[in-house]
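Values quoted throughout were computed directly from the atomic coordinates according to the rules given, and no laboratory measurement underlies them. In this text the structure is predicted, and so the values were computed from the model without any measurement. Cβ placement follows ideal geometry from the backbone for every residue including glycine, while neighbour counts extend to all protein chains displayed.
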Amino acid sequence: MSDTKRPWLRWYGLARWKRLRESQLAAEPLCARCLASEIVTEATVVHHRKAHKGDEALFFDPANLESICKPHHDRDGQLEDHGKTVIRYDASGWPI
């Protein structure tokens with residue numbers, strides 16, 4: 001998709017985002033979703049908790065960021081971005 005339809009895509013290339021991303025991963029180096037299930041996994045992706053939908057303030061808001069692993073981002077994060085509900089489970093298999 002072109003920048004005219006999703007101009008916020010260019011924000012991912014900005015030094016401001018790269019610094020914020022690195023800061024988030026340094027502060028929370030483990031996947032928050034794996035930890036909820038008592039699994040220790042390195043976080044490699046910074047996910048927006050609430051979909052920013054082109055809102056620049058929400059995009060760069062540190063409180064809106066979550067460190068997660070790529071499998072969680074690819075599966076859960078994308079569903080959430082499209083308004084779907086994701087059920088998470090603890091280590092014993094119970095929903096949390």
For residue 58 and residue 5 in one chain, what is 0.36 nm times their gap in residues minus the Cα-Cα distance, to one decimal in nm? 17.2 nm
Give the peptides 30-43, 8-21, 53-66 in descending order of average Cβ contacts within 10 Å, highest first. 30-43, 53-66, 8-21
